[in-house]
Number of protein chains: 2
Amino acid sequence: MSQFENVSVTKQANVYFDGKVTSRKVTFADGTVKTLGIMLPGEYEFGTAAAELMEITAGELEILLPGSSAWQQVVGGESFNVPANASFKLKIHQLTDYCCSYLD
Amino acid sequence: MSQFENVSVTKQANVYFDGKVTSRKVTFADGTVKTLGIMLPGEYEFGTAAAELMEITAGELEILLPGSSAWQQVVGGESFNVPANASFKLKIHQLTDYCCSYLD
C-alpha cells in the first residue's frame, strides 16, 4: 500500500535528536496510530510504550533488539517488531524512511 | 488547525539535499495537495511549478524571494508566498517544520 487513505495527519512534526529523526503522526478512522518518519545516518536509542512494528520503506540500518547481543541488518522492504516497554538501538547507515505501527 | 482530517498520505517521503529537507505528501478529498516538511539548518534553493504558500509551523529562517535583493526573516507562525515557475532561497537557522500548499 503506497498511500494511507481517509486518515488524519497531525500538522506539527515529532522531532528527536536535533532533527536527525523526525516523524508525522497519522491517525486512522479506527483510532489506531502510525508514524511516518525519517532517520538520518547516526546511532539512536528509542524506548517503546506499546509494542511496535517498524516497516522500513527505504534505507539501510542495523538494529539491536532487547534481549539480543547481536546487531541485525535491516534494509528497505523489511520490517521488525519491538516488544512493549522496551528499548532498542539503531545504527542508521543510509537515510531511512520508516512507518511505525503501535500495536495494542 | 492542528490536524488535517480525511486525507490521504503518501507513505514514501520526498527527500532533498541528502535528507536535510524531507516532506510527506498529503492529498485532500478535493484533490488539492499539501506537503508537510522539515528543513534542517543549512542553505537551500527550491524552484516552484505552481505558486506556493509556505506556512512555518515552527523554526527560524531567512528567505530570498524572486525579484527581491533583501533577505527576509521568517519565524514559526508566519507564512510567505512564492509565485509559480520561480525559485527562492532559504537560510535555515533553526530546524523548520513547514506546510506547503500548492495554489492553482
Pick from the stretch A:35-69 the residues that are loosely packed, with under 14 Cβ neighbours inside 10 Å and farther than 24 Å from B:LEU95 by Cβ: which of them is farthest from the chain's Cα centre (by Cα)?
A:SER69
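Before we move on, is B:SER79 over 30 Å from A:PHE4 (Cβ atoms), modelled with pLDDT of 95 or more and open to solvent by 30 Å² or more (accessible area, probe 1.4 Å)?
Taking the combined requirement at face value, the residue does not satisfy it.
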When the residues of the stretch A:30-52 are narrowed to those that are aliphatic (A, V, I, L, M) and out of contact with any Asp or Glu (no Cβ under 9 Å at 6 or more places or on another chain), which ends up nearest to the other protein chains (Cβ to nearest Cβ)?
A:VAL33
Among the listed residues B:PHE88, B:PHE17, identify the single one that is surrounded by 13 or more Cβ atoms within 10 Å (Cβ to Cβ) and within 14 Å of another protein chain (Cβ to nearest Cβ).
B:PHE17
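Condition check: open to solvent by 30 Å² or more (accessible area, probe 1.4 Å), within 20 Å of B:ASN14 (Cβ to Cβ), within 14 Å of chain A (Cβ to nearest Cβ) and modelled with pLDDT of 95 or more. Does B:THR96 satisfy that? Steps first, please.
Details: open to solvent by 30 Å² or more (accessible area, probe 1.4 Å): no; within 20 Å of B:ASN14 (Cβ to Cβ): yes; within 14 Å of chain A (Cβ to nearest Cβ): yes; modelled with pLDDT of 95 or more: yes.
Spelling it out, it is not the case that B:THR96 is open to solvent by 30 Å² or more (accessible area, probe 1.4 Å), within 20 Å of B:ASN14 (Cβ to Cβ), within 14 Å of chain A (Cβ to nearest Cβ) and modelled with pLDDT of 95 or more.
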Scope the stretch B:20-54; condition touching a helix residue (DSSP H, G or I) at 6+ places or on another chain (Cβ under 9 Å) and hydrophobic (A, V, I, L, M, F, W, C); matching residues:
B:ILE38, B:MET39, B:LEU40
Go through the stretch B:1-93 and tell me which strands (runs of 3 or more DSSP E), entirely inside it, have 3 or more residues that are touching a Gly at 6+ places or on another chain (Cβ under 6 Å).
B:51-64
For the stretch A:1-14, name all the residues that are under 16 Å from A:SER101 (Cα atoms) and either without any contact (Cβ under 8 Å) to a residue 24 or more places away in the chain or open to solvent by 40 Å² or more (accessible area, probe 1.4 Å) (or both).
A:MET1, A:SER2, A:GLN3, A:GLU5, A:VAL7, A:SER8, A:VAL9, A:THR10, A:ASN14
Filter pass, A:THR32 being under 20 Å from A:SER2 (Cβ atoms) and either open to solvent by 10 Å² or more (accessible area, probe 1.4 Å) or in contact with a Cys (Cβ under 7 Å, 6 or more places away or on another chain) (or both)
yes
Only one of these conditions is not met by B:ASP104: (1) open to solvent by 30 Å² or more (accessible area, probe 1.4 Å); (2) among the charged types (D, E, K, R); (3) at pLDDT 95 or above. Which number is it?
(3)
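The values are calculated or read from the model by the stated rules, or taken from the named source; none is laboratory data. Fair warning: this is a prediction, and the values are worked out from it, not measured in the lab. A quick note on method: Cβ atoms are made from the backbone with ideal geometry, for glycine too, and the neighbour counts reach across all protein chains shown. Accessible surface is based on the protein model in full, side chains and every heavy atom, while ligands, DNA and RNA are left aside. Shrake-Rupley method; radii C 1.70, N 1.55, O 1.52, S 1.80 Å.
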